[in-house]
Amino acid sequence: MAIIITDECINCGACEPECPNTAIYEGAVDWNYSEGTSLSGNVHFPSGNEVDADEDQEPISDEYYFIVADKCTECKGFHEEPQCAAVCPVDCCVPDEDNVESEEELLAKQSFLHN
């Protein structure tokens with residue numbers, strides 16, 4: 001499953017540089033799928049989403065840091081545990097119960113993002 005950042009976030013920014021997929025963004029900041037990945041142009045995600053990886057996307061939150069679920073692999077393929085959760089001083093990086101993925105799916109996503 002992807003990790004989410006709860007509204008308890010204090011906007012310290014400790015999590016952002018730790019993400020190997022560049023899936024974490026500061027609140028109110030536009031983002032795109034290509035940043036920090038090997039994706040470019042039109043791509044078809046394993047989840048079924050089709051996007052232009054280079055096109056700016058609207059922020060998921062205007063108030064605090066957020067994680068893009070399609071880019072989150074819970075650090076599988078990079079680290080033993082999600083690094084955002086490991087460094088968060090207020091423990092607001094938690095599993096997203098609405099976005100459950102198996103380890104195999106997360107590793108496939110990691111491979112897709114960084115082929």
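No lab work stands behind these numbers, since they all come straight from the coordinates. It should be emphasised that the depicted structure is a prediction, and the values quoted were computed from it without experimental measurement. Don't worry about glycine lacking a Cβ; one is built from the backbone with ideal geometry, like all the others, and counts go over all protein chains shown.
Observations, loosely collected:
- Amide H contacts under 5 Å for I4, placed H, 5+ residues apart: V94, D96
- If the chain linking D91 and T6 were pulled fully straight, counting 0.36 nm for each residue of separation and taking away their Cα-Cα distance, it would gain 29.7 nm.
- Separation between Cα centres of the stretch 1-30 and the stretch 72-89, rounded to whole Å: 11
- Dipole-positive endmost among C72, H114, Y25 within the chain (Cβ charges, Cα centre): H114
- Whole-number D in µm² s⁻¹ for the chain, Kirkwood Cα-pair radius fed into Stokes-Einstein, 25 °C, 0.890 mPa s: 174
- Loop GluC sites (Glu not before Pro), the stretch 9-103 (other Cβ atoms within 10 Å of the site Cβ: 11 or fewer; DSSP): E63, E80, E97
- Sequentially through the stretch 86-97, phi angles give Karplus couplings (6.51, -1.76, 1.60; θ = phi - 60°) of 5, 9, 5, x, 10, 6, 9, 9, 10, x, 8, 5 Hz, Gly and Pro residues having no value and appearing as x.
- Here the gap between N42 and A28, fully extended at 0.36 nm per residue and compared with their Cα-Cα distance, gives a gain of 2.6 nm.
- Normalising the average separation of contacting C-alpha pairs (under 8 angstrom, six or more residues apart) by the number of residues puts the relative contact order of the chain at 39 percent.
- Protection proxy ranking of 81-88, 6-13 - average other beta-carbon atoms within 10 Å, highest first: 81-88, 6-13
- Computed from point charges on the beta carbon alone (+1 for Lys and Arg, -1 for Asp and Glu), the dipole magnitude for the stretch 40-115 about its Cα centre is near 320 Debye.
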